[in-house]
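Chemist: Submitted below is the structure of interest, expressed as structure tokens.
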Amino acid sequence: MAVGLTELGSFRAAVAIVFGSVPGLTGTVVGLWVTGTTLNTLSFLGAIVSVIGALCISMLLSLIATPTVYCLLMRLGGKAAAQPPAVDH
């Protein structure tokens with residue numbers, strides 16, 4: 001969470017990134033439960049990779065998609081987008 005705050009400068013974006021990993025971890029637990037697999041070293045490593053992947057994708061979307069969408073909306077509105085806003089909403 002602290003890394004998200006320093007990188008993004010927004011508490012809202014950092015919380016969104018942290019909560020983005022919850023579906024990945026939930027999917028891992030449900031997958032283990034459905035298949036009847038116990039939590040061993042390999043499945044624990046898979047859970048870690050799943051959470052890290054979700055965090056990376058969330059951070060990438062937060063850093064790239066927000067300014068891009070802003071610029072596209074400004075162009076569609078007929079205004080010149082001089083500077084995209086910071087991620088802070």
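The values are calculated or read from the model by the stated rules, or taken from the named source; none is laboratory data. This structure is a prediction, so every number in the text was calculated from the model and none was measured. FYI the Cβ positions are ideal-geometry reconstructions off the backbone, even for glycines, and counts take in every protein chain you see.
Chemist: Can you tell me which residues in segment 33-77 are polar (S, T, N, Q) and touching a Gly at 6+ places or on another chain (Cβ under 7 Å)? Write out each step before concluding.
Modeler: The initial filter retains those residues of segment 33-77 that are polar (S, T, N, Q), namely 35, 37-38, 40-41, 43, 50, 58, 62, 66, 68.
Matches in segment 33-77: Ser50, Ser58.
Chemist: Being of a type outside the set (Gly, Ala, Ser), part of a helix (DSSP H, G or I) and either at pLDDT below 80 or surrounded by 11 or more Cβ atoms within 10 Å (Cβ to Cβ) (or both) narrows it down to one of Leu39, Leu61, so name that one.
Modeler: On inspection, the qualifying residue turns out to be Leu61.
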